[in-house]
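Below is one structure, written out as structure tokens; the observations come after it.
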Amino acid sequence: MADKTGRKLRFMEVCGTHTVAIFRAGIRQLLPDNVELVSGPGCPVCVTPDDYMDKAIAYAQHPDVIITTFGDMLKVPGTKSSLGEAKTNGADIRIVYSPMDSIPVAKDNPDKKVVFLAVGFETTAPTAAATVLAAEQQGIKNLFMLSAHKLVPPVMEVLLNDEQVHVDGFILPGHVSVVTGTGIYEPIVEKYHVPGVVTGFEPLQILRALYRLVKQVANGEAKVENEYEDVVRPEGNPVSQRITDTVYEPADTGWRGMGIVPLSGLRMRETYKAYDIEQVMPLAAVELPAPKKTACRCGEVLRGIVTPKECPLFGKACVPTHAIGPCMVSVEGVCAAWYKYGQGRFEYGK
């Protein structure tokens, strides 16, 4: 089927879990020479920009603040430091497995402001929103969010408008689509005539999605298909959507490597500003450091412009035990996947 297209095909996955699954199964090595897979901005930790990390570190340094966060955020670099360094220097930073875990922390520390670092895509936004609603219901006044949620469709459109990025189709995210449904991708597919297939994370599911993408290109088609029908419905999960919409509204937000993308993030609504740490405890007086110069090419990797091996730091100065950029920090990061599943280890002898 791929031979019928008469040209090289480039498909992008926009989900970090897909990135890891593709590498773990060795799917890239199974594909025809004219079919290439490239990873996009599907890792929530990786796309979080430096200024958010700087804010998180600044809050962590306040003596009356407790930060709760997912573990992989500790190593993500800001402009001069990281949460891990702040923790070493005495900041009260606690690893949690769910935003809801922040509620007992807030109850046990009524004299502290407990700030959860709310990052992620449409998948995690409902749990953060549900935590806010639970705190409201229980009368908890000292729990707050530092929000940096991202939305997938707007950044897909940015990639398709980027002259440096060439994509013939998208492997659409499974987890995100469980919440959003498949309909959110249809305007983009129709506008840019680029096919997309939602799929799960088993090797055969991913291969079937790739077959559908190649078939669409060969037939001159562009539509949204669903290879994950057992869990993804066209309308998504209305309950999760309603919870998110109750607490959050779309807003312009920054992405690593892409700058500010209009209406690609979520901010807390005015009615819930009492749970927004940036509203309750603004950092306007804090002077954030200027971005430091680095050879890290994580921003370009996230846009599919370069592969990790084209970064001069990859496998040398930047390895999982000493990560320079967030693409190597997170377990879902593209650089981490390249390194762990062979590309870095075999090429660089690590």
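The values are calculated or read from the model by the stated rules, or taken from the named source; none is laboratory data. Remember, it's a predicted structure, so these values are computed and weren't measured experimentally. With ideal geometry, Cβ positions are generated from the backbone for all residues, glycine too; neighbour counts draw on all protein chains shown. The protein model used for the area step is the full one, side chains on, heavy atoms only, and it has no ligands, DNA or RNA in it. Shrake-Rupley method; radii C 1.70, N 1.55, O 1.52, S 1.80 Å.
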Over the range 41-57, the set of residues open to solvent by 20 Å² or more (accessible area, probe 1.4 Å) and not in a helix (DSSP H, G or I) is P49
S330 fails exactly one of (1) crowded, with 23+ Cβ neighbours inside 10 Å; (2) modelled with pLDDT of 95 or more; (3) of a type in the set (S, T, Y), namely (2)
The condition of being closer than 30 Å to K273 by Cα and either over 19 Å from the mean Cα position of the chain (by Cα) or crowded, with 22+ Cβ neighbours inside 10 Å (or both) holds, among I171, I206, I184, I140, only for I140
- Message: Condition first: open to solvent by 30 Å² or more (accessible area, probe 1.4 Å) and touching a His at 6+ places or on another chain (Cβ under 7 Å). Can you find one or more residues in the range 98-109 that meet it?
- Response: no
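Return the total of residues in the range 258-267 being surrounded by 18 or more Cβ atoms within 10 Å (Cβ to Cβ) and in a strand (DSSP E or B). Show your work before the answer.
First pass over the range 258-267, keeping only residues surrounded by 18 or more Cβ atoms within 10 Å (Cβ to Cβ): 258, 261, 264-267.
This time we only want the ones that are in a strand (DSSP E or B), so: 261, 264-267.
Total meeting the criteria: 5.
Just need a number here: residues in the range 58-78 that are open to solvent by 10 Å² or more (accessible area, probe 1.4 Å) and in contact (Cβ under 8 Å) with a residue 24 or more places away in the chain.
Total meeting the criteria: 9.
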Next on the checklist: For the range 11-30, check the following and say yes or no: at least one residue is in a helix (DSSP H, G or I), open to solvent by 10 Å² or more (accessible area, probe 1.4 Å) and either aromatic (F, W, Y) or in contact with a Cys (Cβ under 6 Å, 6 or more places away or on another chain) (or both).
Outcome noted: yes
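For the range 79-101, what are the residues that are in a loop (DSSP other than H, G, I, E, B) and free of Cβ contacts under 8 Å to residues at least 40 places away in the same chain? Lay out the reasoning, then the answer.
Step one: filter the range 79-101 for residues in a loop (DSSP other than H, G, I, E, B), giving 79-81, 89-92, 96-98.
Within the range 79-101, S81, N89, G90, A91, D92, V96, Y97, S98 meet the criteria.
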Of the residues in the range 59-78, those that are modelled with pLDDT of 95 or more and assigned to a helix (DSSP H, G or I) come to Y59, A60
Residues of the range 179-221 being free of Cβ contacts under 8 Å to residues at least 60 places away in the same chain, in a helix (DSSP H, G or I) and farther than 19 Å from F23 by Cβ, in sequence order, are G183, I184, Y185, E186, P187, I188, V189, E190, K191, Y192, R212, Q216
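Could you list, in sequence order, all residues of the range 116-146 that are outside any loop (DSSP other than H, G, I, E, B) and either without any contact (Cβ under 8 Å) to a residue 60 or more places away in the chain or farther than 18 Å from E270 by Cα (or both)? Spell out how you get there, then give the answer.
Initially, the range 116-146 is screened for residues outside any loop (DSSP other than H, G, I, E, B), giving 116-120, 125-137, 143-146.
Scanning the range 116-146 gives F116, L117, A118, V119, G120, T127, T131, A134, Q137.
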Taking the range 31-40 and keeping residues open to solvent by 10 Å² or more (accessible area, probe 1.4 Å) and polar (S, T, N, Q) leaves N34
Counted residues in the range 240-257 being in contact with a helix residue (DSSP H, G or I) (Cβ under 6 Å, 6 or more places away or on another chain), open to solvent by 20 Å² or more (accessible area, probe 1.4 Å) and either aliphatic (A, V, I, L, M) or not in a helix (DSSP H, G or I) (or both) come to 3
T127: of a type in the set (V, I, T), on the phi < 0 side of the Ramachandran plot and surrounded by fewer than 19 Cβ atoms within 10 Å (Cβ to Cβ), yes or no? yes
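Against the condition surrounded by 15 or more Cβ atoms within 10 Å (Cβ to Cβ), free of Cβ contacts under 8 Å to residues at least 24 places away in the same chain and of a type in the set (D, E, K, R), how does D276 come out, does it pass? Please lay out each step first, then the result.
Working: surrounded by 15 or more Cβ atoms within 10 Å (Cβ to Cβ): yes; free of Cβ contacts under 8 Å to residues at least 24 places away in the same chain: no; of a type in the set (D, E, K, R): yes.
Criteria not met by D276.
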Conditions (1) in contact (Cβ under 8 Å) with a residue 60 or more places away in the chain; (2) open to solvent by less than 50 Å² (accessible area, probe 1.4 Å); (3) among the aliphatic types (A, V, I, L, M) -> V224 fails only (1)
Of those in the range 147-168 that are open to solvent by 20 Å² or more (accessible area, probe 1.4 Å), assigned to a loop (DSSP other than H, G, I, E, B) and touching a strand residue (DSSP E or B) at 6+ places or on another chain (Cβ under 8 Å), the residue nearest to V45 (Cα to Cα) is L151
message = Quick check on G304: is it modelled with pLDDT of 90 or more and either of a type outside the set (D, E) or within 20 Å of D72 (Cβ to Cβ) (or both)?
response = yes
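Looking only at residues in the range 1-53 that are of a type in the set (K, R) and touching a strand residue (DSSP E or B) at 6+ places or on another chain (Cβ under 6 Å), which one is modelled with the highest pLDDT? Write out each step before concluding.
Residues of the range 1-53 of a type in the set (K, R): 4, 7-8, 10, 24, 28.
Retained after the next criterion (residues that are touching a strand residue (DSSP E or B) at 6+ places or on another chain (Cβ under 6 Å)): 10, 28.
Working: R10: 96, R28: 90.
Taking the candidates together, the pick is R10.
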